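Here the structure comes first, spelled out in structure tokens, and everything after it is commentary.
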Amino acid sequence: MIAKLIEEEILKEVSEAQKEGLLPSDIKLRFQVEPPKVKEHGDYATNLALSLAGQAGKNPRELAQWFAEKFATRGDLFEKVEVAGPGFINFFIAKAYWQQVPRVIEARGKDYGRVEVGGGRKVQVEFVSANPTGPLHIGHGRGAAVGDTLSRLLSFAGFQVEKEYYVNDVGRQMKILGRSVYLRARELAGEKIDFPEDHYRGEYIREIARDLLEKEPSFLDLPEEEAIEKAKDFALQVILSGIKKDLEDFGVTYDHWFSEKSLYEGNYVEKALSFLKEKGLLYEKDGAVWFRAKDFGDEKDRVVIRATGEPTYFASDIAYHYHKFFVRNYDLVVDIWGADHHGYVPRLKAVIQAFGLPKEKLEVLLIQMVNLLEGGKLKSMSTRAGEFVTLRELLEEVGKDATRFIFLTRRADSPLDFDVELAKKQSRENPVYYVQYAHARLASLFRKAKEAGFEDPSAQGADLALLDTPEDFNLLKLLDYFPDTIEACVTKLEPHLLTFYLLDLATALHDYYTKHRFLSEDQPRTRARLVLAKAVKQVLATGLELLGVSAPERM
RNA sequence: GCGCCCGUAGCUCAACUGGAUAGAGCGUUGGACUUCGAAUCCAAAGGCUGGAGGUUCGAGUCCUCCCGGGCGCGCCA
């Protein structure tokens, strides 16, 4: 938060400098305020003067000096402001500023960390959207963890968020699913079947066939086409409710389950395509209908209607995004896909621009692969053969908290090794317990404090100036930085930053714990430290909640 | 062949989008519990950021070319 205050000071003084003629009025303001790597350089530093010097034709150090003197008048914020190196301005924050942080946290409670970057804008996050042809596997789990946590963060940051799962319930895959179940049913009825290679071979298909036969023993008597259709509908419903259940148990719920089929039933494919056609962005060639993707930066034009008259998957996607932007009017749409779809991004971005929208309205997040390890060695997975670790198995073996947390310990776009053995371990190697332990430790501390007669310590009347050791300041600074972390997660769409932040905060707390005692004979100090502890506990709890991970009182 | 992503300590990863002396964890070695939870902490060792150029006050970060890896390049989804 202090960084925000510094930025405000900078903006104020820059316009002052312009008034005085020190800086030209048409400068491009680009600067950063960030904690320097070296302690000696202060709590925060800015490159302001360096970035302005060139434009103003001034010496950066002289410029920095001018600003430093202005900033120094804010004694309530800064203990010292100095010019260093080529023209950095280093800020040493006043102790009193840090020490009032727990007071702010106490006042805002669960809302501490909320930032208003969203401004009520309507954003849709679409994630997982796996074909409903089988259970979710470990890779989908990663997408779910990232999408759900990002959604929680966006809503915490003032966006109006809607979470959506796109159900691909039409097309060839669905037909194959129906046939797969139908053939297994005939097999169960005693027939010898030569099961096709490209059909779904998982054991779950047999189970669905068995259930269907039990429910409707006569369904095999139907004409084949009709039976397959019935098998498809039944399988879709069974698989989809399984997916829903898995996600719920993973802590993920959706606002909408959006059916691809409904795009056709509502004539949105037609509407979207004629919208493009009116703009002259479709043409016919070789009997097919093409979209002029190349005009908007894609490698080549793309087919939307095949020569057979059937629309492509891409046509559905055009209609789907038409629906997102023109029917539901989202201000921002975030699509979360597997990284293997990255080649698809330019195509869809082209569509957005063809719609006449700025391409920033669509953000595509690519989730890299998950490699499953068991005790350090790679376990191979093959979806087609029906051999994979399902999200369900992972939940049962590892648990929700560890699974979600581990999925968020990497940037989404870098591949992740998931070691099941390690994820089950309750040790330092497993980062989730490190953070949860910090929270449980504090909970235990408050139980002890209560016994010692410190009932619900409040900042009111506490002397927070007693928080004056290096470890106190370490914690106070991190607490102050929490809202900045939330903002960074949201503006960069990188939820993993929160995970790293929580690990830092837990480290600082554990460090404090071994160096200092919270409870002592010194009543005022005990009181101040308990206020600090309460603030840390609050932030840990808020952070874990955003990750969808529990914050235990005991473990 | 073309396009996108990646290459940072022995291993797994950070580095706040161009900032000052590149940081953590694991592993290794050595230490810390009669006191609020040792699922913890402290210390040491470990680096030419794959390589070579370039851009500027300043490069792990931007540009070019190599080397090595992943993924895409359908009238599939």
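Determine, from the Cβ-Cβ distance of A:R428 and A:D286 and an R0 of 45 Å, the FRET efficiency 1/(1 + (r/R0)^6), rounded to the nearest 0.05. Please list the in-between numbers first.
Details: r = 61 Å, r/R0 = 1.37.
Efficiency, from the Cβ-Cβ distance: 0.15.
Keeping every protein chain present and rolling a 1.4 Å probe, give me the accessible area per residue for chain A in Å². The partial results should precede the final answer.
Details: 25910 Å² over 555 residues.
Per residue, chain A has 47 Å² of solvent-accessible surface.
What value does chain A have for Rg/Rh, both radii from Cα atoms and Rh as Kirkwood defines it?
Values: Rg = 28.8 Å, Rh = 27.3 Å.
Across chain A, the Cα-based Rg/Rh ratio is 1.06.
Hey, if you put +1 on the Cβ of every Lys and Arg and -1 on every Asp and Glu Cβ in chain A, which of A:P495, A:V269, A:V115 ends up farthest toward the positive end of that dipole?
Most positive-ward Cα: A:V115.
What is the percent carbon and sulfur in the accessible area of the range A:178-229, measuring with a 1.4 Å probe over the protein chains and ignoring ligands? Don't skip to the end; give the middle numbers.
Numbers: 1380 of 3120 Å².
Reported share for carbon and sulfur atoms: 44 percent.
At a 1.4 Å probe, what is the % contribution of carbon and sulfur to the accessible area of the range A:21-61?
Values: 1260 of 2610 Å².
The C+S portion of the solvent-accessible surface of the range A:21-61 is 48 percent.
Helix A:523-547: angle to the longest alpha-carbon principal axis of chain A, degrees 0 to 90, nearest 10?
Relative to chain A, helix A:523-547 is tipped by roughly 20 degrees.
Could you name the lysines in cross-link range of A:K285, using Cα to Cα under 16 Å and dropping any fewer than eight places away on the same chain?
A:K285 reaches A:K277, A:K294, A:K300.
On a straight-distance basis, which aspartates and glutamates could pair with A:K425 in a cross-link, Cα separation under 17 angstrom, same-chain partners fewer than 8 positions away excluded?
A:E374, A:E393, A:E396, A:E397, A:D401, A:D417
Over 21 Å between Cα atoms, which of A:K12/A:K110; A:K70/A:K492; A:K110/A:K537 qualify? Numbers along the way, then the final one.
On the way: A:K12/A:K110 32 Å; A:K70/A:K492 32 Å; A:K110/A:K537 11 Å.
Long pairs (Cα-Cα over 21 Å): A:K12/A:K110; A:K70/A:K492.
Taking only Cα atoms of the range A:168-294, what ratio of Rg to Rh do you get with Rh as the Kirkwood inverse-distance radius?
Details: Rg = 19.1 Å, Rh = 17.3 Å.
For the range A:168-294, the value is 1.10.
Where does the range A:2-93 land on Rg/Rh, using Cα atoms and the Kirkwood Rh? Write down the numbers at each step before the final one.
Working: Rg = 12.1 Å, Rh = 13.0 Å.
We get a ratio of 0.93 for the range A:2-93.
Take A:I193 and A:E216, extend 7 Å from each Cα along the Cα→Cβ direction, and tell me the distance between the two endpoints in nm.
Taking the simple label geometry, A:I193 and A:E216 are separated by 1.6 nm.
Go through A:70-79, A:525-534 and give me the packing order, highest mean Cβ count within 10 Å leading. Intermediate values should be presented prior to the final figure.
On the way: A:70-79: 15.2, A:525-534: 22.9.
Listed from highest to lowest mean packing, they are A:525-534, A:70-79.
Write out the GluC sites (Glu not before Pro) in the range A:489-555 meeting two conditions: DSSP loop, and at most 16 other Cβ atoms within 10 Å of their Cβ. Please list the in-between numbers first.
Working: sites: A:E521, A:E545, A:E553; in loops: A:E521, A:E553.
When the GluC sites (Glu not before Pro) of the range A:489-555 are filtered for loop state and at most 16 Cβ neighbours within 10 Å, A:E521, A:E553 remain.
Based on the alpha-carbon gyration tensor of the range A:403-458, what equivalent-ellipsoid semi-axes (square roots of 5 times the eigenvalues) come out, in whole Å, largest first? Show your work: numbers first, answer last.
Details: eigenvalues 237, 32, 7 Å².
Over the Cα atoms of the range A:403-458, the ellipsoid semi-axes are 34, 13, 6 Å.
Any aspartates and glutamates with Cα under 20 Å of the A:K28 Cα? List them, leaving off those in the same chain fewer than 8 positions away.
A:E7, A:E8, A:E9, A:E13, A:E16, A:E20, A:E62
What angle, in degrees between 0 and 90 and rounded to the nearest 10, separates the Cα long axis of helix A:431-451 from the longest principal axis of the Cα atoms of chain A?
50 degrees
Using 32 Å as the Cα-Cα cut-off, could you pick out the over-long pairs in A:K400/A:K448; A:K163/A:K424; A:K4/A:K450; A:K122/A:K175; A:K244/A:K534?
Numbers: A:K400/A:K448 30 Å; A:K163/A:K424 30 Å; A:K4/A:K450 37 Å; A:K122/A:K175 36 Å; A:K244/A:K534 37 Å.
Too far apart for the 32 Å limit: A:K4/A:K450; A:K122/A:K175; A:K244/A:K534.
So how many Å³ per residue does the convex hull of the Cα atoms of the range A:428-547 work out to?
On the way: hull volume 12.7 nm³, N = 120.
So the per-residue hull volume is 106 Å³.
Between the alpha-carbon centers of the range A:267-329 and the range A:178-205, tell me the distance in whole angstrom.
With the range A:267-329 and the range A:178-205 each reduced to a Cα centre, they are spaced 36 Å.
Out of all DSSP beta bridges in chain A, what portion is antiparallel? Express it as a percent rounded to 5. Show your work: numbers first, answer last.
Values: 24 of 47 bridges.
Antiparallel bridges: around 50 percent, rounded to the nearest 5.
What residue among A:F325, A:F473, A:T390 has its Cα farthest toward the positive end of the dipole of chain A, where the charges are +1 on Lys, Arg and -1 on Asp, Glu, each on the Cβ?
My answer, from the dipole projection, is A:F473.
Given a 1.4 angstrom probe, I'd like the percentage of the accessible area of the range A:428-547 that is carbon and sulfur, rounded to a whole number.
Looking at the range A:428-547 in its full context, I get 50 percent from C and S.
For the range A:496-537, what is the convex hull (Cα atoms) projected area averaged across all directions, in square nanometres? Walk me through the intermediate numbers first.
Details: hull surface 11.7 nm².
So the mean shadow area of the Cα hull is 2.9 nm².
Placing +1 at every Lys and Arg Cβ and -1 at every Asp and Glu Cβ, with all other atoms neutral, what dipole size does chain A have around its Cα centre, in debye to the nearest 20? Before the final figure, lay out the partial values.
Details: 77 positive and 88 negative charges, 145 e Å.
So the magnitude is around 700 debye.
Convex hull volume of the Cα atoms in the range A:132-215, per residue, in Å³?
Details: hull volume 10.0 nm³, N = 84.
Spelled out: Cα convex hull of the range A:132-215, divided by residues, is 119 Å³.
The values are calculated or read from the model by the stated rules, or taken from the named source; none is laboratory data. Source: prediction; values computed, not measured. Neighbour counts are summed over all protein chains in view; Cβ atoms, including those assigned to glycine, are modelled from backbone coordinates with ideal geometry. With ligands, DNA and RNA removed, areas are computed over all heavy atoms of the protein, side chains included. Shrake-Rupley method; radii C 1.70, N 1.55, O 1.52, S 1.80 Å.
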